[in-house]
1. Quick one: is Asn112 out of contact with any Phe, Trp or Tyr (no Cβ under 6 Å at 6 or more places or on another chain), closer than 24 Å to Val248 by Cβ and not aliphatic (A, V, I, L, M)?
2. Please go through the stretch 320-356 and give me each residue that is over 15 Å from the mean Cα position of the chain (by Cα), more than 15 Å from Phe265 (Cα to Cα) and touching a residue at least 60 places away in the same chain (Cβ under 8 Å), ordered by number.
3. Of the residues Asn301, Asn316, which single one is polar (S, T, N, Q), free of Cβ contacts under 8 Å to residues at least 24 places away in the same chain and under 20 Å from Ile414 (Cα atoms)?
4. Name the residues in the stretch 115-166 that are at pLDDT 95 or above, assigned to a helix (DSSP H, G or I) and exposed (fewer than 15 other Cβ atoms within 10 Å of the Cβ), would you?
5. List every residue pair whose Cβ atoms lie under 8 Å apart, where the two residues are 6 or more positions apart in sequence or sit on different chains, the first residue falls within the stretch 421-442 and is assigned to a loop (DSSP other than H, G, I, E, B), and the second residue, located anywhere, is among the hydrophobic types (A, V, I, L, M, F, W, C).
6. Would you pick out the residues in the stretch 77-96 that are surrounded by fewer than 23 Cβ atoms within 10 Å (Cβ to Cβ) and not hydroxyl-bearing (Ser, Thr, Tyr)?
7. Determine whether the stretch 419-429 contains at least one residue that is surrounded by fewer than 21 Cβ atoms within 10 Å (Cβ to Cβ), among the aromatic types (Phe, Trp, Tyr) and not assigned by TED's automatic domain parsing to the domain that holds Thr192.
8. Can you tell me which residue is farthest from Gly217 (Cα to Cα) among those in the stretch 26-59 that are without any contact (Cβ under 8 Å) to a residue 24 or more places away in the chain and assigned to a helix (DSSP H, G or I)?
Amino acid sequence: MTLIKSISGIRGTIGGDVGDSLTPIDIVRFTSAYARFISEQNLDSKLIVLGRDARISGLMLNNIVSGTLIGCGFNVLDIGLSTTPTVEVTVESQNAAGGIILTASHNPKQWNALKLLNSKGEFISALDGEKILNFAENDDFIFTEVDKLGSYKLDLSFNDLHIKKVLELDLVDVELIKSKKYKVVLDAVNSTGGIVIPKLLEKLGVECVKLFCEPNGHFPHNPEPLPENLKDISDLVVKEKADFGIVVDPDVDRLAFVCEDGSMFGEEYTLVAVADYVLSINKGNTVSNLSSTRALSDITNKYGGIYFASAVGEVNVVEKMKETKAVIGGEGNGGIIYPELHYGRDALVGIALFLTSLALKNSKVSKVRSSFTNYFISKNKIQLKPSHDVSMILSKIQEKYINNKINTIDGVKIDFDEGWVHLRKSNTEPIIRIYTESLSKEKADSLAITFIEEINNLI
């Protein structure tokens with residue numbers, strides 16, 4: 001069993017020993033720590049928004065978390081089965097003090113997690129995460145007396161509010177999309193995307209063929225939207241003669257497309273395609289993390305903007321986007337962050353913007369994909385021992401490639417003419433991640449092998 005405590009929340013497998021997996025005791029402890037942190041913000045609001053994906057363990061977590069928050073004096077607005085971006089939008093729209101999303105994102109069904117939001121509807125910062133971890137570690141909680149207990153309200157209308165806000169965006173052309181009479185296949189991995197996305201598509205006049213859209217938490221395949229997990233939708237897109245396929249993860253903050261011929265659009269290119277459309281109308285800067293494709297930089301340069309790279313992690317992307325006033329950003333895992341709506345990865349926004357762009361181009365999805373430079377990313381890792389000095393290893397490699405363009409905000413990223421390598425220590429596992437990108441799979445793999453050998457020579 002596994003329990004991982006990090007600055008962004010707590011996640012783990014259900015069942016097992018206290019402190020070693022995500023048990024009811026651990027849920028109470030961490031929720032209480034979060035409540036203590038929010039209390040110390042001295043905000044006017046005592047409202048916490050609570051939402052969950054469709055995991056089997058979700059109702060259990062929901063009951064424990066809501067009861068604990070009430071015991072800490074907070075009023076709970078439970079928006080039920082929803083998405084991570086929906087909770088984020090709701091926190092902001094309701095002027096709440098914070099929010100908790102019960103989801104383990106792309107992890108398998110035995111996992112669940114508490115993702116923590118601040119009063120802006122954004123993920124908490126590293127500094128705030130450390131405070132919450134300290135409260136949890138020291139059992140430093142404050143519970144309220146009976147006359148000051150919080151309240152509970154269930155309101156299932158906020159998925160519709162989220163959709164409404166997406167449709168009202170200036171760059172979403174609802175009537176143009178309707179005129180195209182698109183047909184798509186949706187794989188929602190039997191989670192909440194199966195509730196929300198068909199509603200969005202109906203409002204856009206798009207016919208939706210549902211695949212794995214029953215929100216029962218029984219994932220029919222590994223829920224991470226990677227090509228090896230998407231054979232069923234690929235086959236169905238071709239069989240149904242659909243215009244393309246849409247794939248989301250269980251909490252609907254990651255988005256991938258399947259072309260009309262069944263080929264993968266590539267989740268790295270979700271952000272690239274949406275950014276291409278946004279920048280064609282609103283010139284400006286872009287941001288993605290260091291491990292994302294160079295294609296976003298290419299597109300940004302095309303429209304006269306400046307591309308910036310952030311450390312890995314959504315909170316870091318958002319911080320850099322605010323700092324650089326970026327008009328679009330996100331992560332190469334299919335995460336679209338469009339500030340006109342909110343600062344969070346949002347598959348609904350991505351779908352609506354992509355559909356508008358596709359309608360304007362009046363093109364097949366495969367042709368849109370072929371219009372971008374074709375890069376290939378190779379993802380590898382090396383297992384570490386406690387005796388390994390990662391700082392020394394990265395420092396030695398940095399010295400060797402001192403004449404290249406190097407970024408050290410998160411590990412070491414080295415740029416080459418035809419690609420890059422990003423080396424970083426994992427925050428959750430004893431490994432060094434080795435991501436490389438180049439103009440062919442062979443070149444990306446070869447670059448990875450070179451750096452794996454160099455690291456092995458240093459440990």
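The values are calculated or read from the model by the stated rules, or taken from the named source; none is laboratory data. The structure presented is a predicted model; accordingly, all values stated were derived computationally and were not measured. With ideal geometry, Cβ positions are generated from the backbone for all residues, glycine too; neighbour counts draw on all protein chains shown.
1. On the way: out of contact with any Phe, Trp or Tyr (no Cβ under 6 Å at 6 or more places or on another chain): yes; closer than 24 Å to Val248 by Cβ: yes; not aliphatic (A, V, I, L, M): yes.
It is true that Asn112 is out of contact with any Phe, Trp or Tyr (no Cβ under 6 Å at 6 or more places or on another chain), closer than 24 Å to Val248 by Cβ and not aliphatic (A, V, I, L, M).
2. Glu340, Leu341, Ala352, Leu353, Thr356 - these are the residues of the stretch 320-356 that are over 15 Å from the mean Cα position of the chain (by Cα), more than 15 Å from Phe265 (Cα to Cα) and touching a residue at least 60 places away in the same chain (Cβ under 8 Å).
3. Numbers: Asn316 fails: free of Cβ contacts under 8 Å to residues at least 24 places away in the same chain.
So the residue among Asn301, Asn316 that is polar (S, T, N, Q), free of Cβ contacts under 8 Å to residues at least 24 places away in the same chain and under 20 Å from Ile414 (Cα atoms) is Asn301.
4. If the condition is that a residue be at pLDDT 95 or above, assigned to a helix (DSSP H, G or I) and exposed (fewer than 15 other Cβ atoms within 10 Å of the Cβ), then Val146, Asp147, Lys148, Asp160, Lys164 are the ones that fit.
5. What qualifies is Ser426/Ile432; Thr428/Ile4; Pro430/Leu384; Leu439/Phe376; Ser440/Phe376.
6. First, pick out the residues of the stretch 77-96 that are surrounded by fewer than 23 Cβ atoms within 10 Å (Cβ to Cβ): 78, 80-81, 92-95.
Asp78, Gly80, Leu81, Glu92, Gln94, Asn95 - these are the residues of the stretch 77-96 that are surrounded by fewer than 23 Cβ atoms within 10 Å (Cβ to Cβ) and not hydroxyl-bearing (Ser, Thr, Tyr).
7. There is no residue in the stretch 419-429 that is surrounded by fewer than 21 Cβ atoms within 10 Å (Cβ to Cβ), among the aromatic types (Phe, Trp, Tyr) and not assigned by TED's automatic domain parsing to the domain that holds Thr192.
8. Applying the filter and picking the extreme gives Asp26.
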